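Before any comments, here is the structure.
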Amino acid sequence: MIRRWKQFGIIEKGKVQTTVHSIEVHSEMQLETFFAKVSEACPNPERIVFVCVGTDRSTGDAFGPLVGTMLVELGWGRVIGTLQEPCDAYAVEAALKAVSRLQVEEELIVIAIDACLGKPQSVGGFITKWGPLQPGEATGRRLPFIGNYSIAGVVNTNGPKAYWMLQTTSLHVVMGMAKHVVSAIHDAWYRNK
């Protein structure tokens, strides 16, 4: 499976950061810059697929599905993972298969979006990367890497009970973060069009 994803450019083995603490966390302004650069690399929004990982059953882990829902409401057509149909831990592999088929047929770019935990001063920030992310890492799950580009929202602090931290995350914080991501995405492709 890894060889196949490397073939389509979805993962690049050896370039994946595995710890949140060593990754630079960005502000909202840097988030806009990140998506502006992605839109320069792929100016056609119809070639973008968003894989928004998470579940609607946990406030912290709802970050991805909230972003997905908001993107669909703005008219983005290629979104996997919404509040209505979450791309949770059980659906990630099916999403990878769907994206694989689309990439073969249409040479699409995948942007993966997920929640993560981090240092207290990083909460509310965003981790962006030219490369994939590994969903479920905060809770110790080993799910497949996904994305040509990725963004993780630092929704709460990291601790010994990661699942509990995601469950007790402020919905207000997560909603605000999701709105910022969606605004940065939409502006990057449609601001001056």
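The values are calculated or read from the model by the stated rules, or taken from the named source; none is laboratory data. Predicted model only: the values in this text are computed from it and were never measured. Cβ placement follows ideal geometry from the backbone for every residue including glycine, while neighbour counts extend to all protein chains displayed. SASA here: full protein model, heavy atoms, side chains in, ligands and nucleic acids out. Shrake-Rupley method; radii C 1.70, N 1.55, O 1.52, S 1.80 Å.
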*asked:* Would you confirm whether or not segment 99-106 contains a residue that is surrounded by fewer than 19 Cβ atoms within 10 Å (Cβ to Cβ), over 16 Å from Val67 (Cα atoms) and touching a Leu at 6+ places or on another chain (Cβ under 7 Å)?
replied: yes
*Which residue, of Pro135, Pro144, Pro160, is more than 10 Å from the chain's Cα centre (by Cα), farther than 13 Å from Gly60 by Cα and in contact (Cβ under 8 Å) with a residue 24 or more places away in the chain?*
Pro144
_Scope segment 149-172; condition open to solvent by 30 Å² or more (accessible area, probe 1.4 Å), within 28 Å of Val110 (Cβ to Cβ) and part of a loop (DSSP other than H, G, I, E, B); matching residues_ = Asn158
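Residue-wise test of (1) modelled with pLDDT of 95 or more; (2) touching a helix residue (DSSP H, G or I) at 6+ places or on another chain (Cβ under 9 Å); (3) over 18 Å from Ile48 (Cβ atoms).
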{"residue": "Leu171", "(1), (2), (3)": "no, yes, yes"}
{"residue": "Val174", "(1), (2), (3)": "yes, yes, yes"}
{"residue": "Met177", "(1), (2), (3)": "yes, yes, yes"}
{"residue": "Ile185", "(1), (2), (3)": "yes, yes, no"}
